[in-house]
Amino acid sequence: MWHVSLCIAATIMVSFTHWVYRWRNPRCNGNLPPGSMGWPLLGETLHFFAPNPTWDTPPFLKHRIKRYGSVFRTSLVGRPVIVSTDSDLNYMIFQQEGQLFQSWYPDSFTEVFGRQNVGSLHGYMYKYLKNMVLYLFGPESLKKMLHEVESVAATALEKWAGQESVELKEATANMIFDLTAKKLISYDPEKSSENLRESFVDFIKGLISFPLDIPGTAYHKCLQGRKKAMKMLKNMLEDRRANPRKVKTDFFDYVLEELDRGDSILTEAIALDLMFVLLFASFETTSLAITVAVKLLRDNPRALQELTEEHENILRNRENKESGLTWKEYKSMAFTFQLINETVRLANIVPGVFRKALKDVKFKGYTIPAGWAVMVCPPAVHLNPVNYKDPLEFNPWRWERMDQKGASKNFMAFGGGMRFCVGTDFTKVQMAVFLHCLVTKYRWQTVRGGEIVRTPGLQFPNGFHVKITERQTESKSNTRI
Ligand code: HEM
Ligand SMILES: *[C@@H]1O[C@H](CO)[C@@H](O)[C@H](O)[C@H]1NC(C)=O
């Protein structure tokens with residue numbers, strides 16, 4: 001009897017050892033990039049999620065780049081992953097979308113964004129959705145939206161200036177959320193019994209956290225938040241179906257019309273997932289970018305001064321003093337756009353973009369095996385001194401000298417290639433208009449907070465509390481003489 005147990009034990013031992021060996025040394029028809037697969041199952045997940053309180057490249061990447069070079073292998077949340085911090089490879093991955101690589105997100109992501117979210121869709125359906133989003137957030141819509149964006153920002157700032165202090169991240173998130181929700185689904189927080197924004201707050205807190213779904217974890221709260229928000233969106237859509245409106249103006253109208261057509265490829269589930277992604281993407285990313293910009297301006301008086309001059313000039317040269325910002329004025333904000341590029345370069349709001357290799361891909365002597373996940377890391381490119389001199393310095397002027405070719409290869413805050421962020425123009429309008437209203441009329445002081453932490457998503461753990469006051473216009477006219 002004992003030798004049978006021994007045989008079983010030995011078999012288990014051998015299989016286990018073999019499994020661990022395979023885990024550490026995955027199969028590859030070629031030269032796998034160097035790296036460590038970490039612990040069985042857990043991989044190097046914990047290192048990846050370790051908090052980093054600086055603007056610099058996360059230590060997870062830094063240590064491995066130093067040891068293995070710019071392309072290496074690892075294992076995150078149970079998946080083998082090739083990490084690319086190489087400008088050329090990143091560029092190639094973006095350009096090869098649908099050919100050698102395809103947009104792919106970890107299960108924990110599809111769980112929180114929905115299985116039918118744009119990031120997980122390909123081909124025809126993807127193009128259809130992309131056109132729909134561009135219709136909503138493209139330049140033509142934004143031109144029409146400009147006045148509303150300005151009046152929303154001006155009203156918000158006026159309100160905040162009357163307060164002892166305001167937490168800028170939360171406040172700008174609310175501002176943009178209300179505007180987007182109004183545009184997309186005519187949501188009016190004053191008139192609604194449930195608070196849609198609140199379920200998004202829970203959702204965001206657990207986003208890009210360790211994906212452990214048990215009560216008490218951030219990830220669990222995140223899923224609960226999504227569930228609640230999705231239920232509300234579904235109810236609103238049902239409500240609209242029951243009470244159709246005469247004049248069709250928002251995204252719900254558009255979706256219902258498509259669904260009723262019968263031959264449309266759009267389904268209710270896809271429409272709701274898209275609505276959720278758009279609401280989330282529009283306010284969370286942009287409010288982070290605005291908060292980072294205001295914080296960096298506070299520490300760089302020269303940049304603040306040049307920005308103020310640019311926007312005062314717009315007001316000074318305006319023929320009709322009663323009119324608001326025009327599209328032409330918006331397009332003329334040269335320094336503002338440099339400042340926006342520099343802000344998102346340093347902010348690195350999106351720490352990783354995921355793809356899957358569709359075929360074995362050769363790159364600089366290595367092979368990325370078909371089926372493997374690939375993580376493109378914008379921070380490593382944005383903070384590499386080869387691409388940007390003194391990369392940790394906030395220097396909007398560096399964009400004056402940036403040649404376009406270098407800029408497109410070494411700037412990937414909004415992704416690249418076919419899946420380039422569809423919200424880029426929306427973000428730029430929001431940021432530029434908000435900064436216009438802010439610097440022409442107000443100044444601000446830090447009350448508390450403003451520290452950042454990356455886990456690896458960017459957060460302000462203590463918020464960024466500022467006191468906003470109206471500018472002394474007296475001294476302004478003095479300095480001009
Ligand atoms: C500072 C602000 C923003 C940053 C840094 C940012 C970043 C990105 C990045 C890096 C991607 C590429 C993802 C990939 O290749 O897989 C992306 C895609 C996307 N973004 Fe943004 N984004 C911002 C604002 C917005 C806004 C305001 C919206 C909505 C109006 C938006 C909607 C989307 C959507 C729907 C996609 C998916 C596009 C696709 O899969 O083709 N983003 N964004
Ligand atoms: C900002 O970056 C984009 C993308 O590379 C580039 O096309 C644009 O010209 C840059 N803007 C400025 C003002 O340098």
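The values are calculated or read from the model by the stated rules, or taken from the named source; none is laboratory data. As the structure is a computational prediction, the values presented were derived from the model and not from experiment. A quick note on method: Cβ atoms are made from the backbone with ideal geometry, for glycine too, and the neighbour counts reach across all protein chains shown.
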### Query
Does residue 325 satisfy the condition of being among the hydrophobic types (A, V, I, L, M, F, W, C), within 16 Å of ligand 2 (Cβ to nearest atom) and closer than 30 Å to residue 439 by Cα?
no
### Failed item, numbered, when residue 331 is tested on (1) within 27 Å of residue 105 (Cβ to Cβ); (2) surrounded by fewer than 18 Cβ atoms within 10 Å (Cβ to Cβ); (3) out of contact with any strand residue (DSSP E or B) (no Cβ under 8 Å at 6 or more places or on another chain)
(1)
### Message
Take residue 301 and tell me if it is within 21 Å of residue 56 (Cα to Cα), free of Cβ contacts under 8 Å to residues at least 40 places away in the same chain, more than 16 Å from ligand 1 (Cβ to nearest atom) and not basic (Lys, Arg).
### Response
no
### Message
Quick check on region 360-370. Is at least one of its residues within 16 Å of ligand 1 (Cβ to nearest atom) and out of contact with any Gly (no Cβ under 7 Å at 6 or more places or on another chain)?
### Response
no
### Odd one out for residue 387, checked against (1) more than 9 Å from ligand 1 (Cβ to nearest atom); (2) at pLDDT below 95; (3) within 30 Å of residue 277 (Cα to Cα)
(3)
### Task
Return the pairs, sorted by first residue and then second, in which the second residue is at pLDDT below 85, the first residue lies in region 403-414 and is within 9 Å of ligand 2 (Cβ to nearest atom), the beta carbons are less than 9 Å apart, and the residues are 6+ apart or on different chains.
410/402; 411/402
#### Entry: Total residues in region 226-281, condition more than 26 Å from the chain's Cα centre (by Cα) and either of a type in the set (S, T, N, Q) or under 22 Å from residue 421 (Cα atoms) (or both)
4
### Message
The conditions are (1) within 15 Å of ligand 1 (Cβ to nearest atom); (2) modelled with pLDDT of 95 or more, and residue 275 fails exactly one of them. Which is it?
### Response
(2)
### Query
Do you know which of the residues in region 333-349 that are part of a loop (DSSP other than H, G, I, E, B) and more than 19 Å from residue 389 (Cβ to Cβ) is nearest to ligand 1 (Cβ to nearest atom)?
349
### Message
One residue is enough: does region 335-357 have a residue meeting the conditions of a type in the set (S, T, N, Q) and away from ligand 2 (no atom under 15 Å from the Cβ)?
### Response
no
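Could you please find all residues in region 408-431 being over 28 Å from residue 169 (Cβ atoms) and either away from ligand 1 (no atom under 11 Å from the Cβ) or loosely packed, with under 13 Cβ neighbours inside 10 Å (or both)?
Step one: of region 408-431, the residues over 28 Å from residue 169 (Cβ atoms) are 408-409, 417-418.
The answer is 408, 409.
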### Task
Scan 433, 439, 429 and give me the residue that is assigned to a helix (DSSP H, G or I), more than 10 Å from ligand 2 (Cβ to nearest atom) and more than 24 Å from the chain's Cα centre (by Cα).
439
### Message
What's the number of the only condition in (1) free of Cβ contacts under 8 Å to residues at least 60 places away in the same chain; (2) among the small types (Gly, Ala, Ser); (3) in a helix (DSSP H, G or I) that residue 380 fails to meet?
### Response
(1)
